[in-house]
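Some notes on the structure that comes next.
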Amino acid sequence: MNVRKKSLCLLALFAWLTPALTSHVSTITAQNTSTQQKKESISGKVKDTKGETLIGVSVKIKGSNVGTITDATGSFTLKNVPSSAILEFSYIGMNPIEVAVGNRTSINVTLEEKTVGMNEVVVVGFGTQKKVNLTGSVGTVDAKALEARPVQNAVQSLEGMVAGLNISQNQGMLESKPSVNVRGLATIGTGSSGSPLILIDGMEGDLSAINPQDIENISVLKDAAASSIYGSRAPFGVILVTTKKGKQGKISINYSNNFKTSSPVLLPHMMDSYTFALYFNEASKNSGSSPFFDDAWLKRIKDFQDGKLIGSNGLPVTSVPNGSHWADYGGGNDNIDWYKAVYKSSAPSQEHNFSVSGGNESTKYYFSGNYLDQDGFMRFGGDHFYRYTATGKIETKLAPWVTLGYNTRWIRQDYQRPSSLGDGLFSDLARQGWPILPLYDPNGYLFSSPSPALALRDGGRDKTQEDWLYQQAKIVLEPVKGWITTGEFNYKTDDQFRHWDTQKTYNHDVNGNAYAYNTYSGVHEGAYRTNYYNVNLFSEYTKELKGGHTLKGLVGFQSEMNQYRDLTADRQGIVVADLPTLNTTNGIDASGKTAAPSISGNYYNWSTAGFFGRLNYDYQGRYLVEANMRYDGTSRWRADKRWNWFPSFSAGWNIARESFWKPFADYVSTFKLRASYGSLGNQNTVDSNGNLLPYPTYQTMPIGTANGSWLINGVQPNTSSIPGIISAALSWEKIRTWNAGLDIAALNNRLNVSLDCYIRYTNDMVGDGVELPATLGTSVPKTNNTDLKTQGFELEVSWKDRLANGLGYGVKVLLSNSTSKITRYANPTGTLDKYYAGETYGEIWGYTTKGIAKSDDEMNAHLATLANGGQNALGSNWKAGDIMYADINGDGKIDNGANTVSNHGDLKVIGNKTPKLPFGVELTADWKGFDFRAFLQGVMKRDYFADSYFFWGAWKWGIWWSTGLKEQLDYFRGDANNPLGQNLNSYYPRPLFGDGKNQQCQTKYLLNAAYVRLKNLQLGYTLPRAITERVGIHKLRVYVSGENLLTFTNMPKMFDPETVDGGVSWMVGNAYPLSRVFSGGLSVNF
């Protein structure tokens, strides 16, 4: 083929291919145009529903690692963002949103606050779960509930915040810690403790000592299914405290303070001295004695009150000479209310918190410090409490699959008080503090009769310093997605040093010369150290299968070792009062004799080990199953009883995930039924004083130093004695718990309801042995011989919403109840002086009161109806003003029979001292920067019989165990000429010394200890960020707050319903008062 012919052929081929090539090139060009679409810089601002800018909001291009966070003005900028991109905005506590970019270059968004409800993530044993997927019973508290509460410790702020978590504080002393239990009475065993296990970031700790502002959230594991993963250390619930940690983003600096003034919630009011003297005279006369105060003394008391007794020195003449000394109980005429004299009307305190946090994708950190300075109410001597804390937490990724963390926390508490501020003060203040006793003698010197002021001021100091150091190392490995292995090593030291000295005190004679009144002096020094080691190793694997099935498995090992030692020493004879140390005592007692020092030291260790596993199954959030198994060992028991298995099982059915629920799904998103069963063991053994008993199955030989009752070479010898019998068969207390629950979330999680009902059996508690003949020669050993059944319910209802005008509001109501019944106890005779099988714990047995006889004729008519002995079993000489008791069993006499269950005479169960139906109500609101919170807490039902002089006034133990409070003036006075007036319709019977016939436990004097208390009221204001950001402040909130502001109760006015059983065990109700607190402060975030 020639060239021309070839050229024509190529031209024809080109012409034929041209349309196809053109089409292909066009397609490629179009694709390139799409791939290389226009990219722009996108900027904007992020705000919340209140119009406040949000700092640190994550802004990311969906499906990529490209992103940024908002700055201090809430602004962000992202470069080279394709128009087809979708931006994701997320922020803690807010609902995330997605926004398509399109052709925009500016995007402003508003994030809405999350309505958490059932979607809340809850901390559980060795992990977390969504609340909606829980099958056990768990209560939660977040940091907001603790924020700005003017309380000394975190436990106080939890009162009434979780249904079933019972917190009580029946003593207001600065060193006193609230008592805590979960679901009511745990054990009545005399050798065991029923306190819950408290874990702070996974390690056992003291919730009363931690800085409340470090807490992020608290979970309370209430049933055995939730707590069984912790084994024998947690038979009665677990309180899991998670503290704050650093978050990715810009550095955040926070400072907050709190300035408070406190006053006693309640102080009793004593009678004035003249009325007191008339009252005591009448009690003496009623008791067959002559008046204690004669006419001349009464006139002098009255003249003093009228301001007629002023000495030549211009000072009140508070007493008369008794020889060379001033008279006390034999002649004082002062007019003192000893409660006002001893307690101040107000006490200041302050608290400061500082924290720094932040981090990036690889490393996050959190550091904080806290200082608390709190004064008590002691007018003389003063009591003070100081707390210092420092916390550091750091977490870093060594590799994409390895995370290393280290936490450290140091806490110091210093507490100082007068040495005489203790049980003696609470026992004796009212009975020894007669209003006629001089506070100051006529020369102006502080005076003791004995009355408490002088000893409080000059009688020595009691100082305690306690340090905790927590150190925690943690490594988390995730080599495969869904498989997480965690190793934790925890170490804690707890050191305490305590010093107290008792100093000689001096009164002054009529010439102003000092003379020794309390001649004893001495020094006590004590110290202890606890080393606690804890290792936790656990591995968890989560696998999501097709069809919505999710399996999660956990296996692990836990071990604990606790090492304790202490030293104490006491020595008499302080040489120099200003130098009260052991080295500056001479060992000479007040009589001039040599007194041997007392020295003791103690060591003990205990340990536990446990292997545990957990398996969870979840089918589309509809069917939920969990099983736990723990194999635990403890050093408390002998080798053959040391190990035991503790299983638990739970299941849940979220009916709202069923297809037939779809018509209701928009209204009720969660309707979950739960059920669980678990078995646990209790190895928390204690002695009769509630102190840890590490070796309950071993005998301890009693020894004494220089305490023999005979002399060898003129010196008392050391002694030892035969120890009591110990049962080597002591073993685990066994706890079985059944729980059924219902969880409801409705109306877009605005309404949440949780209801739990439970039964808990505590078997084989360590109790007193059956009584044996005295020929045994020693006490009967304790054995596992007591059983208890506790049942109750817990209800939590909350509503949280935000209106279109921006007003947010919430209501939360908590209500619970528990009842315990003793099903086995070593009391074969059924005596009412001990527990007995069938008893409902807290029963109060008493007589039925018919009334107070208004005349002798009425009393005689009543006695005439009791033909077989009248009321002689209770007393004699019945007159007008005495109690008439009802003959319940109709046998013609009033008595308690044999005082047994089968023969209790006229006694019957008239009440129950256990607090019933404790509740809490929280009301919250916020609007345009203002926030409001009110919290009410109380008990709906509680009976109490106060058998002490503090209630009765003139008491059965005699004149020296009696007092006169204003409420006790409402006593029977039959004489129309009585100087205090006739009182036939009185509350109290006629006063008597040394005779308890009218003070039997009875229906008339059964107190109603129910109450409602406005526990906290708080109002705050957060300044607009548009203002604060001008000076570099991200958030500034100021607030005022009050604690224990109002109380509604039917209790007599000398009693605070929370401290009615406080004070000394044999003289309850006379306790250090709780505090009413007014505070203000600010919180600043940079």
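Taken together, the values in this text are just the output of simple stated rules run on the coordinates, not laboratory data. A quick note: this is a predicted structure, and the numbers were derived from the prediction, not measured. Cβ placement follows ideal geometry from the backbone for every residue including glycine, while neighbour counts extend to all protein chains displayed.
Note on the stretch 245-308: the alpha carbon radius of gyration divided by the globular reference 2.2 N^0.38 Å gives 2.65. Bridgeable aspartates and glutamates around residue 222 (alpha carbons under 13 Å apart, same-chain partners fewer than 8 residues away excluded): 756, 794.
For the chain, the longest principal axis of the Cα atoms and the long axis of helix 423-432 meet at an angle of about 40 degrees. Each Cα pair under 8 Å and six or more residues apart adds its separation to the average, and for the stretch 39-111 the resulting relative contact order is 38 percent. The phi-based Karplus calculation (6.51 cos²θ - 1.76 cosθ + 1.60; θ = phi - 60°) puts the 3J(HN,Hα) values of the stretch 566-577 at 8, 9, 9, 8, 9, 8, 8, x, 5, 7, 10, 4 Hz, whole numbers, x for Gly and Pro. Ordering 230, 480, 873 by the projection of their Cα atoms onto the charge dipole of the chain, which places +1 on the Cβ of Lys and Arg and -1 on the Cβ of Asp and Glu, puts 480 at the extreme positive end.
Mean sequence separation of contacting Cα pairs (under 8 Å, at least six apart), scaled by the length of the stretch 721-827, corresponds to a relative contact order of 26 percent. For residue 449, no residue 5 or more places off, or on another chain, has a built amide H under 5 Å of its own. With unit charges on the beta carbons (Lys and Arg positive, Asp and Glu negative) and the dipole taken about the Cα centre of the chain, which residue among 1039, 1057, 362 sits farthest to the positive side? Positive-end residue among those listed: 362. Ordering 82, 65, 125 by Cα displacement along the dipole of the stretch 48-207 toward the positive end leaves 82 in first place; charges were set at the Cβ atoms of Lys, Arg (+1) and Asp, Glu (-1). When only the Cβ of Lys, Arg, Asp and Glu is charged (+1, +1, -1, -1), the dipole of the stretch 940-1034 relative to its Cα centre reaches about 360 debye. With the convex hull drawn around the C-alpha atoms of the stretch 337-426, the volume per residue stands at 110 Å³. Cβ crowding within 10 Å ranks 703, 394 as 703, 394, fewest other Cβ atoms first. The charge dipole of the stretch 767-825, taken about its Cα centre with unit charges on the Cβ of Lys, Arg, Asp and Glu (plus for the first two, minus for the last two), comes to roughly 180 debye.
Taking K and R as +1 and D and E as -1, what net charge do the other residues with C-beta under 15 Å from the C-beta of residue 604 add up to?
Computed value for this residue: -1.
In which sequence would 660, 972 go, from the one with the fewest C-beta neighbours within 10 Å to the one with the most?
Ordered from fewest to most neighbouring Cβ atoms within 10 Å, 660, 972 come out as 660, 972.
Taken about its Cα centre, the chain carries a charge dipole of roughly 5060 debye when the Cβ of each Lys and Arg holds +1 and the Cβ of each Asp and Glu holds -1.
Calculated [222 nm] ellipticity per residue, helices only, for the chain: -3000 deg cm²/dmol; basis is -39500 (n - 2.57) per DSSP H run with n ≥ 4, divided by all residues, nearest 500. Taking other residues whose beta carbon is less than 13 angstrom from the beta carbon of residue 569, and scoring Lys, Arg as +1 and Asp, Glu as -1, yields -2.
Just to be sure I understand the curve: with the Debye formula and one point per C-alpha of the stretch 140-226, what is log10 I(q)/I(0) at q = 0.17, 0.19, 0.25 Å⁻¹? Taken in order of the listed q values, log10 I(q)/I(0) reads -0.76, -0.96, -1.57.
Candidate cross-link partners of residue 1004 among the lysines, defined by an alpha-carbon separation under 20 Å and a same-chain spacing of 8 or more, comprise 850, 854, 879, 893, 908, 913, 941, 956, 966, 1053.
Working from label points 7 Å from Cα in the Cα-to-Cβ sense, the residue 778 to residue 269 distance is 5.7 nm. Over the stretch 545-655, Cα pairs under 8 Å with separation of 6+ residues give a relative contact order of 27 percent. 3J(HN,Hα) along the stretch 657-665: 8, 6, 4, 6, 8, 3, x, 9, 4 Hz, from the Karplus curve 6.51 cos²θ - 1.76 cosθ + 1.60 with θ = phi - 60°, whole Hz, x for Gly and Pro. Based on alpha carbons, the Rg and Dmax found for the stretch 849-969 are 22.6, 77 Å. Overall shape of the stretch 39-111 was characterised from the C-alpha gyration tensor. The equivalent ellipsoid obtained from it has semi-axes of 19, 12, 11 Å, in decreasing order.
With the convex hull drawn around the C-alpha atoms of the stretch 1010-1075, the volume per residue stands at 114 Å³.
Across the stretch 920-1000, Cα-Cα distances exceeding 14 Å account for 72% of all pairs.
Applying Stokes-Einstein at 20 °C and 1.002 mPa s to the Kirkwood radius of the chain, computed over alpha-carbon pairs, gives a translational diffusion coefficient of 63 µm² s⁻¹.
Of the trypsin sites (Lys or Arg not before Pro) found in the stretch 77-146, the ones in coil according to DSSP and having at most 15 other Cβ atoms within 10 Å of their Cβ are 104, 114. Annotation: amide H of residue 337 has no partner in the under-5 Å range at sequence separation 5 or more or interchain, hydrogens built in the peptide plane. Note that the stretch 285-298 has calculated 3J(HN,Hα) couplings of 4, 4, 8, x, 10, 6, x, 6, 9, 7, 4, 5, 5, 4 Hz, one per residue in order, obtained from phi through the Karplus relation 6.51 cos²θ - 1.76 cosθ + 1.60 (θ = phi - 60°); glycine and proline are x. Counting neighbouring beta carbons within 10 Å and listing from fewest to most, the residues 269, 862, 508 come out as 269, 508, 862.
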